[in-house]
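Trainee: Just passing along the structure, written as structure tokens.
The values are calculated or read from the model by the stated rules, or taken from the named source; none is laboratory data. Because the structure is predicted, anything quoted here is derived from the model rather than measured. When we count neighbours, we look across all protein chains shown, and the Cβ atoms used for this are built from the backbone with ideal geometry, even at glycine.
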Amino acid sequence: MNYSQTTTDTMPDIKQAEHVLHEVFGFEAFRSLQKDIIQNVLNKKDTLAIMPTGGGKSLCYQIPALLFDGLTIVVSPLISLMKDQVDQLTAYGISASYLNSSLSPQEYESTLDQIRRNKLDLLYLAPETLLKGNVLNLLSGLNVECIAIDEAHCISEWGHDFRPEYRQLSNVTAKFDDVVTLGLTATATPRVQKDIANSLGLSNANTFVASFNRKNLYLDVVNKSNPLQQVINFLRRHEEESGIIYCFSRNQVDDLTQNLNANGFNALPYHAGLGESIRTQNQNAFIRDEVDIIVATIAFGMGIDKPDVRFVIHHDMPKNIESYYQQIGRAGRDGLQSDCLFLFSYGDAGKIRYFIDKKEDPKEQRIAEEHLQKLMDYVEAHQCRRIKLLGYFGEHFNEQNCGMCDFCTGDTPERENITVPVQKFLSTMARTEQRFGYNHILNILLGSRRKEVLKFNHDKLSTYGIGKNLSRPEWKQVYRELMKQDIIVREFEHKSLKLTPKAMEILKGNQDVFGVIEEPVQKERTRSSKSDIESLDFNRNLFKRLKEKRMELARKQGVAPFVIFGDSTLIEMAYYYPQSEESLLKIHGVGRAKSKKYGTDFLDVIMEFSRQHNLKERSKSAQPRHKPIKKTLSKNSRPYEVGHMFRNDRPVQDIASHFDVKEGTVISNLIKFVKAGESIPADHLLDISSLNETEMQQVRKAFNIHGYEMLRPVFDELNEEVSYDELRIVQLYLMVKNGV
Ligand code: ADP
Ligand code: ZN
């Protein structure tokens, strides 16, 4: 097929590319950089495209392939993906095929025949296939216009999957006249990026690097306390969605799979101990939506590009930030919102450290140690998750609020001054000669009558029972902070706790400690940056019917369901209720060929449903805006308790001493309470402010200019002269007065 419009005989231009985007793929607009890259390729300039997973790299060669007269070769190391890729193109009405070792001799021969007869626009090849004498000879006699090198990082020895055959690709490209080379990769590491450009001889001017921020991924890190329950709670919010759970070891994979199935979920395992055929079987079941959940070791993921993976859970700690980024990257390729949950524990970090300590090569040990530290920085960050994550790859993220991480949506509890409880804990350790472990120290603090406590006469200590104002889970949090901040260490052999020099300074009162004491509660998530499609209030029942139809067609044709239509297409159908082919073509992801092939099947379902429920077609231009949802607070959360005490006329100072926290923390809790849609009286709020009248006026003026959502601009406006604590008081007052 030739999609270039024949009215001009000049080179294809970007207008034609846009035409193909609408007509063939049914998409509205190019994503960032796609246009520049395609323009460059159409101009036959060798190009390197660096975009994150799901960024839309494929279109960068698929659209030129349709506009060029000759053949486009796509080199890819991922043999298992080729069939799905070719199926997808075929569904779009594009003539594409592949050659690799998985084909039977007949299939192989028939593809060679198609090539000889110039029947193809795109040909997918494994690098070793391209390097074969007979294949190369055949191709060099043809009009090859573009060679796209997918997963181009395989050319770099610095990359994580170096392939020697990739090194020979530059010799191959030299064999063709007038061929343009396009390298594509999702590698975020600058060093590997440079290496690819050098190896392929590409200039800076023709290298395009997209942002690595995956906006549609919600990043959440929570303390791992009861992993099975935490996973189950999470999965209950993701019923009938596809997702991956990563575990540390094969045993854990097997255990968790069993537990999930016993709890009514639909999960299959994937790890190196399972044997090739079971692994392929399980992977295919996942790709074809026959199973919802794959529980896997890191071995899973390279060979899939399922676009609708809705969540990735890290049940255990990943090796480093790079693998973490790669693994969460498998979620949400289709651009719809997806959830990434990381269950973190210091025990897991300890396990990794234990393996690092056993390494013999000191250089390797140092590198592994650095990697672990970077990951810890990410986990422990009290700022937007995207700052550390993207920072690791050299990208500066400076949005005020990403709206898509636990920190920015307020799921991360406030840091407060915890010096007093910390001193109580440390002095109990000191008074018992640092010979005991956590539980014993806690029992003393809580005034327990346990045998152990009495046996050592620890009920006679001055710190006996002085920790009753905090609950056990709250003490656990204090303990976590002590470990995290290297104030105490745990001796491996005897499991006793030891004070570090930092602890001495704190005990002497020379240093304050800040940390999170609030018990981590799993809260309902707010979704704050939905795409246009997701904000549609679509008909769930119709969506379900459409999914069933999709599954039925996919089974019949032996392809993955997403090959037929993606979720966003079905969502739009279930909102606009198109009643004719013309309206169907306006739906996202419906091009001419797909409309012809599947149109009637889906229109039938929609029309029947509309008749039954008396629904009328909606015109696609009238899109509603979506309203932000308010977060609800759990009844046992600190902000909830604080809010209610304040409502019952307890003064802020009083509440602060009740919880053993600063007044600033109480104000922060009240802000959360109000943000969750609760009301409090405003009358006495400003009483605790120590600003004088002129200062107060200036502060209110600054809030008038910048709004009261963000404190930073107000802080800057006032030349950093008014503290955040003071600003928060006024912020709260304004929120209550004006409504949030
Ligand atoms: P990558 O190869 O970079 O991981 P893909 O090329 O597989 O990403 O694209 C990811 C998804 O985004 C696919 O489902 C694709 O159809 C879709 N997509 C790509 N470009 C666009 C666009 N301009 N508009 C809408 N959807 C797009
Ligand atoms: Zn954020």
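Trainee: Within the stretch 430-450, restricting attention to residues that are under 41 Å from the mean Cα position of the chain (by Cα) and crowded, with 18+ Cβ neighbours inside 10 Å, which residue is nearest to ligand 1 (Cβ to nearest atom)? Reasoning before the result, please.
Mentor: Applying the first criterion (under 41 Å from the mean Cα position of the chain (by Cα)) to the stretch 430-450 yields 436-443, 445-446.
Right, trim to crowded, with 18+ Cβ neighbours inside 10 Å and you get 436, 438, 440-443, 445-446.
Working: Phe436: 53, Tyr438: 45, His440: 53, Ile441: 50, Leu442: 49, Asn443: 53, Leu445: 52, Leu446: 53 Å.
Here the answer is Tyr438.
Trainee: Return a yes/no flag: does the stretch 266-278 have any residue that is of a type outside the set (A, V, I, L, M, F, W, C) and within 21 Å of Tyr392 (Cβ to Cβ). It would help to see each step written out before you state the result.
Mentor: Taking the stretch 266-278 first, the residues of a type outside the set (A, V, I, L, M, F, W, C) are 266, 269-271, 273, 275-277.
Checking which are within 21 Å of Tyr392 (Cβ to Cβ) leaves us with none.
Among the residues of the stretch 266-278, not one is of a type outside the set (A, V, I, L, M, F, W, C) and within 21 Å of Tyr392 (Cβ to Cβ), which makes the answer no.
Trainee: Continuing with the same structure: Restrict the check to the stretch 61-83 and report whether at least one residue is assigned to a loop (DSSP other than H, G, I, E, B), within 30 Å of Lys194 (Cα to Cα) and under 24 Å from the mean Cα position of the chain (by Cα).
Mentor: Yes, some residue in the stretch 61-83 is assigned to a loop (DSSP other than H, G, I, E, B), within 30 Å of Lys194 (Cα to Cα) and under 24 Å from the mean Cα position of the chain (by Cα).
Trainee: Is it fair to say Ser199 is under 25 Å from Leu136 (Cβ atoms), small (Gly, Ala, Ser), more than 25 Å from the chain's Cα centre (by Cα) and buried (at least 20 other Cβ atoms within 10 Å of the Cβ)? Write out each step before concluding.
Mentor: Numbers: under 25 Å from Leu136 (Cβ atoms): yes; small (Gly, Ala, Ser): yes; more than 25 Å from the chain's Cα centre (by Cα): yes; buried (at least 20 other Cβ atoms within 10 Å of the Cβ): no.
It is false that Ser199 is under 25 Å from Leu136 (Cβ atoms), small (Gly, Ala, Ser), more than 25 Å from the chain's Cα centre (by Cα) and buried (at least 20 other Cβ atoms within 10 Å of the Cβ).
Trainee: Filter the stretch 28-47 down to the residues that are surrounded by 24 or more Cβ atoms within 10 Å (Cβ to Cβ) and away from ligand 1 (no atom under 14 Å from the Cβ), then identify the one that is farthest from Ile196 (Cα to Cα).
Mentor: Val41
Trainee: Same structure again: In the stretch 391-409, which residues are within 11 Å of ligand 2 (Cβ to nearest atom) and either in a loop (DSSP other than H, G, I, E, B) or in the same structural domain as Phe342 (by TED's automatic domain parsing) (or both)? Spell out how you get there, then give the answer.
Mentor: Filtering the stretch 391-409 down to residues within 11 Å of ligand 2 (Cβ to nearest atom) leaves 397, 399-409.
Within the stretch 391-409, Phe397, Glu399, Gln400, Asn401, Cys402, Gly403, Met404, Asp406, Phe407, Cys408, Thr409 meet the criteria.
Trainee: Related question: From Asp377, Asp361, which residue is within 30 Å of Met504 (Cα to Cα), surrounded by fewer than 17 Cβ atoms within 10 Å (Cβ to Cβ), in the same structural domain as Asn226 (by TED's automatic domain parsing) and not β-branched (Val, Ile, Thr)?
Mentor: On the way: Asp361 fails: within 30 Å of Met504 (Cα to Cα).
One residue alone meets the criteria, Asp377.
Trainee: Additional query: Can you name every residue in the stretch 433-443 that is in a loop (DSSP other than H, G, I, E, B) and either touching a residue at least 60 places away in the same chain (Cβ under 8 Å) or over 16 Å from Val489 (Cβ atoms) (or both)?
Mentor: Restricting attention to the stretch 433-443, the residues satisfying the condition of being in a loop (DSSP other than H, G, I, E, B) are 433-437.
Selection gives Gln434, Arg435, Phe436, Gly437.
Trainee: From the list Lys374, Lys358, pick out the single residue that is more than 16 Å from ligand 1 (Cβ to nearest atom), modelled with pLDDT of 90 or more and not hydrophobic (A, V, I, L, M, F, W, C). Walk me through how you get there before you give the answer.
Mentor: Numbers: Lys358 fails: modelled with pLDDT of 90 or more.
Just a single option satisfies the conditions, and that option is Lys374.
Trainee: Being modelled with pLDDT under 90 and either under 28 Å from Arg288 (Cβ atoms) or of a type in the set (Val, Ile, Thr) (or both) narrows it down to one residue among Val172, Val144; which is it?
Mentor: None of the other options fit; the residue is Val172.
Trainee: Return the pairs, sorted by first residue and then second, in which the second residue is at pLDDT below 75, the first residue lies in the stretch 704-732 and is under 15 Å from Val674 (Cβ atoms), the beta carbons are less than 6 Å apart, and the residues are 6+ apart or on different chains.
Mentor: Every condition considered, the pairs that remain are Gln731/Tyr708.
Trainee: Assess whether Gln400 counts as being loosely packed, with under 13 Cβ neighbours inside 10 Å and away from ligand 1 (no atom under 16 Å from the Cβ).
Mentor: Taking the combined requirement at face value, the residue satisfies it.
Trainee: I'm checking my understanding of the structure. Among residues of the stretch 51-67 that are polar (S, T, N, Q) and closer than 19 Å to Asp121 by Cβ, which one is farthest from ligand 1 (Cβ to nearest atom)? Show your work before the answer.
Mentor: Step one: of the stretch 51-67, the residues polar (S, T, N, Q) are 53, 58, 62.
Narrowing further to those that are closer than 19 Å to Asp121 by Cβ: 58, 62.
Details: Ser58: 3, Gln62: 8 Å.
Selected residue: Gln62.
Trainee: Mind checking which residues of the stretch 223-262 are surrounded by fewer than 19 Cβ atoms within 10 Å (Cβ to Cβ), in contact (Cβ under 8 Å) with a residue 40 or more places away in the chain and either within 16 Å of ligand 2 (Cβ to nearest atom) or of a type in the set (A, V, I, L, M, F, W, C) (or both)?
Mentor: Phe248, the sole residue that qualifies.
Trainee: Looking at the stretch 456-492, which of its residues are assigned to a loop (DSSP other than H, G, I, E, B), touching a Ser or Thr at 6+ places or on another chain (Cβ under 8 Å) and surrounded by fewer than 17 Cβ atoms within 10 Å (Cβ to Cβ)?
Mentor: Phe456, Asp486
Trainee: What is the number of the single condition among (1) over 26 Å from Gly515 (Cα atoms); (2) of a type in the set (D, E, K, R); (3) surrounded by 18 or more Cβ atoms within 10 Å (Cβ to Cβ) that Lys672 does not meet?
Mentor: Failing condition for Lys672: (1).
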